[in-house]
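Right, one structure below, let's go through it.
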Amino acid sequence: MSLNALGYSNVNLGSDVSLVMPESMKHQGLAYPALPNCKSRIVSVPCTNASSARSGQNLIVSLPNQGVYKKQSGYLRFKVKTITASSTATFKNDAGVSALFNRITITSGGVCEVMPNYDYWAGIILNTLTNTNYIQKDAYLLEGTYSKAISTTDTEFCMPILSNILGNEKSFNLFLLAQPLQIELNLNSLTRALIQGATAPTDFEISDIRFVYESIYPGQDYENAVRSYVQQNGAYSFNFDTYISHQVNVSQNASLSFNGGIGKQAVSAVLAVNVISGDLDAITTGKLGLMVRGVNSTAASDIDDTDLGLSCFLDGQSVLPQPLNRNAQVLIESQRACNSCFDTVATLSVRDSSKFGTNVIDGGCLVAGFNCRVFDEQNLVSGIPVSNFQLVRTQPYGSATTVFIYCVHKANLRIDASGMTSIQS
């Protein structure tokens, strides 16, 4: 990081910043004024509906509809502890504290983004698009990955929400909204969220919840220019990536053939990961599952590199010329689906890659992925229109299995002149 990045003060009243318009605040077709009165503040917004919450409950944080949300600047800060004397636990599926959250919904009058099965989505992202150093060091401290233990004493975490509205390359004009931007967090059950330590907890508790982000106050000239553009063009558009999720239960010794709806105009990828159903709701075990797992998560007899016969069909057309069968192919196609093929920085986070399929705790996460992008350039809508998909695995599962499927697609958030939001996708 350049020392120039530290060359401004950040006090309660804000600070003067450059007159140059940053790319993240530009919008195609809009002529912008200079920013002579631009200020910047770090904002800490407390939870509005509760000071603490336990498993199965909801938390709500509302960001004021003022200023501009600076791109990729926000994170959720909170404390976590177990309930029951001397109880300890770690977080499931190598997702750290993300394992506590079942669904995250972002609204402002209308729905902006919905992220169901958020815990396993976060597990996929952390284990596929980061790397072992990040998982074991940064994310260990920030989010409690790599089996960081919690106890009856509060431990504080700082978790970025993996939303592409909040993590977009573009900053978000909050001042255009008629209502605050509301983030609703639905907590998981105890058994889906935690793995017990020496003594099992009866619950977990989250407290002192805050969302911390940087807000830019660009000045009245900028706001007037953007509002004028909205009046003339009908809406302000904000493009982002998001997903829809399916959850499929497969019986023991059964194969998989699932038909699901997508109905989106720009589908980028289909990702899937499976978990042994007994692990999903058992506090004594359970990590992020592997598409190559056999009978169970630890047996040495499980073959880690066997033919899977895993295929994905989009509106009847196979994504790949042949099924996914072996670890190497599963890995490279998941990297392609995550737009990180041959990326030597964002790599599969593993503890022992030789244990893929035989020991999930040591083996880490291996996701099945199917790429649908036509182009890789960042600012192009490069996905394809898809109405329905089919996911097939001809190799039977040795145990009753839950498969989580994520269909990633482009979406367009529109803010009209009245400040109401709607989604086009």
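The values are calculated or read from the model by the stated rules, or taken from the named source; none is laboratory data. Because the structure is predicted, anything quoted here is derived from the model rather than measured. Cβ atoms come from the backbone with ideal geometry, glycine included; neighbour counts cover every protein chain shown.
Based on this model, can you work out whether Thr199 counts as among the polar types (S, T, N, Q) and buried (at least 21 other Cβ atoms within 10 Å of the Cβ)? Explain how you work it out, then say what you get.
Details: among the polar types (S, T, N, Q): yes; buried (at least 21 other Cβ atoms within 10 Å of the Cβ): no.
The answer is no for Thr199.
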| query | Within the set of pairs 6+ apart or on separate chains, which have a first residue in the stretch 102-120 that is under 14 Å from Leu59 (Cβ atoms), a second that is basic (Lys, Arg) and assigned to a strand (DSSP E or B), and C-beta atoms under 8 Å apart? | reply | Tyr118/Arg103
| message | Please count how many residues of the stretch 93-135 are crowded, with 21+ Cβ neighbours inside 10 Å and of a type in the set (Val, Ile, Thr). | response | 6
| Criterion violated by Tyr217 - all others in (1) closer than 17 Å to Lys70 by Cβ; (2) surrounded by fewer than 17 Cβ atoms within 10 Å (Cβ to Cβ); (3) modelled with pLDDT of 90 or more satisfied | (2)
| request: Take the stretch 108-135 and flag every residue that is over 28 Å from Ile244 (Cβ atoms) and under 19 Å from the mean Cα position of the chain (by Cα). | output: Thr132
| Given the stretch 35-134, what strands (runs of 3 or more DSSP E) lie entirely inside it while holding 2 or more residues that are touching a strand residue (DSSP E or B) at 6+ places or on another chain (Cβ under 7 Å) and of a type in the set (Val, Ile, Thr)? | 39-46, 58-63, 75-83, 101-108, 110-116
| Is the stretch 14-32 home to any residue that is assigned by TED's automatic domain parsing to the domain that holds Asp208, at pLDDT 70 or above, within 30 Å of Ile135 (Cβ to Cβ) and of a type in the set (Gly, Ala, Ser)? | no
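Look at Cys365 and say whether it is at pLDDT 80 or above and within 28 Å of Tyr134 (Cβ to Cβ). Full working, then the answer.
On the way: at pLDDT 80 or above: no; within 28 Å of Tyr134 (Cβ to Cβ): yes.
Here the answer is no, as Cys365 does not meet what is asked.
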| So, of the residues in the stretch 171-196 that are crowded, with 20+ Cβ neighbours inside 10 Å and part of a loop (DSSP other than H, G, I, E, B), which turns out to be farthest from the chain's Cα centre (by Cα)? | Leu177
| note | Only unsatisfied item for Gly261, checking (1) over 29 Å from Val386 (Cα atoms); (2) touching a residue at least 40 places away in the same chain (Cβ under 8 Å), is (1)
